[in-house]
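To start, the structure under review is shown below, and the notes come after it.
The values are calculated or read from the model by the stated rules, or taken from the named source; none is laboratory data. Just so you know, these numbers come straight off a predicted model, no measurement behind them. No Cβ is skipped: glycine too gets one built from the backbone with ideal geometry, and neighbour counts run over all protein chains shown. The area values use the complete protein model at the heavy-atom level, side chains included, leaving out ligands, DNA and RNA. Shrake-Rupley method; radii C 1.70, N 1.55, O 1.52, S 1.80 Å.
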Amino acid sequence: VGLLIILGGWWLGPARLAPVVPALTVFVMVALVAVYLPIVGAPRNGAHRWVEIPGLRFGIQPSEFARVLLVLWVARRCVLLGPRIGEWRAGFAPTLALGLAAFTLVFLEPDLGGSMLLILCYGATLFVGGARMNHVVLTFSSLGVLALSFGVTRFGHMRERIAVWTGEATNDQVRRSVEAMASGDVLGVGFGQGLF
């Protein structure tokens, strides 16, 4: 399936894809809202990340598509705006608005990692597309600090993950990973010979 998607992307190319990017962006933004709707949204373990497709036995995670489509959208917008993307009011702020909307929807799923990756890719594309360095750095570093602060105070699982990352706490997955790496030395113990 992955190979078919890669070949399809190669066949489409930027020229064929560019005209449909705005419509696909609207679709993915609607899907990001749909995760909260009781009819199609499928909450799992308290997180609203999935949309169930009626009649099928699987769902999709719109944030994965949003990450790709929003980068394509912002890149296209930077090309269309040209040098105006460097101006705060005429280019940067209006372009930033869609990225912030998508970031907020993904963050509230809650998905701190997914939302941070989305906005990081969005900001990097803005910078490469001609936005001023000070606009990008100030906006996105402030957003990161605010999101992290809000996430840590609002969501217990985010506090726990940060505590594990800083070494103040541990969990079973981390402990077993460290034990597995330690038991394998540099070359490992061999295929199928692992302890865990």
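Give me the accessible area per residue for the chain, probe 1.4 Å, as a whole number in Å². All intermediate terms of the calculation are to be shown ahead of the outcome.
Values: 12630 Å² over 196 residues.
Value for the chain: 64 Å² per residue.
Quick one: ranking Met158, Met29, Met133 by accessible area, 1.4 Å probe, largest first, what do you get? Intermediate values should be presented prior to the final figure.
Numbers: Met158 10, Met29 30, Met133 110 Å².
If we order Met158, Met29, Met133 from most to least accessible, we get Met133, Met29, Met158.
What do you get when you divide the Cα radius of gyration of segment 1-128 by 2.2 N^0.38 Å, with N the number of residues? Write out the running numbers ahead of the final one.
Values: Rg = 15.7 Å, N = 128, 2.2 N^0.38 = 13.9 Å.
Its radius of gyration relative to the 2.2 N^0.38 Å reference: 1.13.
With an 8 Å cut-off on Cα pairs and a minimum separation of 6 or more residues, tell me the relative contact order of the chain in percent. Can you show the working numbers first?
Working: 162 pairs, mean separation 27.0, N = 196.
Result for the chain is 14 percent.
Roughly how big is segment 149-195's charge dipole about its Cα centre, with Cβ charges of +1 (Lys, Arg) and -1 (Asp, Glu), in debye to the nearest 20? Please list the in-between numbers first.
Working: 5 positive and 5 negative charges, 50 e Å.
Taking the Cα centre of segment 149-195 as origin, the dipole is about 240 debye.
Take the Cα atoms of segment 82-172, find their three principal axes, and give me the spread along each one in whole Å, biggest first.
Computed over segment 82-172, the largest-to-smallest principal extents equal 51, 23, 18 Å.
Let me spell out the model: positive unit charges on the Cβ of Lys and Arg, negative unit charges on the Cβ of Asp and Glu, origin at the Cα centre of segment 88-196. What dipole size does that give, in debye rounded to 20? Don't jump to the answer; show the numbers that get you there.
Numbers: 7 positive and 7 negative charges, 90 e Å.
It comes to approximately 440 debye.
From largest accessible area down, sort Val137, Val1; use a 1.4 Å probe on the protein chains.
On the way: Val137 75, Val1 140 Å².
The residues order as Val1, Val137, largest area first.
Please turn the phi angles of segment 154-164 into ³J(HN,Hα) values with the Karplus equation 6.51 cos²θ - 1.76 cosθ + 1.60 (θ = phi - 60°), one per residue in order, whole Hz, x for glycine and proline.
Values per residue, Gly and Pro as x: 9, 10, x, 5, 6, 4, 5, 5, 5, 4, 5 Hz.
What does the net charge come to around Phe92 if you take all other residues with beta carbon closer than 14 Å to its beta carbon, with K and R at +1 and D and E at -1?
Overall, the nearby charge balance is +3.
Before anything else, pin down the relative contact order of segment 1-63: Cα pairs under 8 Å, at least 6 apart, normalised by residue count, whole percent. Mind showing how you got there, number by number?
On the way: 48 pairs, mean separation 11.8, N = 63.
The value is 19 percent.
For Val189, Val28, give me the order by solvent-accessible area with a 1.4 Å probe, most accessible first, ignoring ligands, DNA and RNA.
Values: Val189 75, Val28 5 Å².
Heavy-atom accessible area, descending, gives Val189, Val28.
How big is the dipole moment of segment 36-118 about its Cα centre under a simple scheme where the beta carbon of each Lys and Arg is +1, that of each Asp and Glu is -1, and everything else is neutral? Debye, nearest 20, please. Please report the intermediate quantities before stating the final value.
Numbers: 8 positive and 5 negative charges, 41 e Å.
Dipole magnitude for segment 36-118 comes out near 200 debye.
Just to verify a number: what accessible area does Thr166 come out at with the full protein assembly present, 1.4 Å probe, Å² rounded to tens?
70
Can you give me the relative contact order of segment 106-196 as a percent, contacts being Cα pairs under 8 Å and 6 or more apart? It would help to have the intermediate numbers written out before the result.
On the way: 35 pairs, mean separation 13.9, N = 91.
Once divided by the residue count of segment 106-196, the mean separation gives 15 percent.
Helix 93-107 against the longest principal axis of the chain: what's the angle in degrees, Cα atoms only, rounded to the nearest 10?
Tilt relative to the chain: about 30 degrees.
Considering only protein heavy atoms, what is the solvent-accessible area of Glu179 at a probe of 1.4 Å, reported in Å² to the nearest 10?
70
Determine the share of segment 112-157's accessible area contributed by carbon and sulfur atoms, expressed in whole percent, with a 1.4 angstrom probe.
Details: 1840 of 2460 Å².
For segment 112-157, the apolar C and S fraction of the accessible surface comes to 75 percent.
What are the radius of gyration and Dmax of segment 120-196, computed over its Cα atoms and given in Å?
19.5, 53
Placing one identical point scatterer on every Cα of segment 1-75 and ignoring solvent, what is log10 I(q)/I(0) from the Debye formula at q = 0.14, 0.16, 0.19, 0.22 Å⁻¹?
Cα-only, vacuum Debye calculation for segment 1-75: -0.54, -0.68, -0.88, -1.03.
Probe 1.4 Å, all protein chains in place: accessible area of Arg175 in Å², nearest 10?
100
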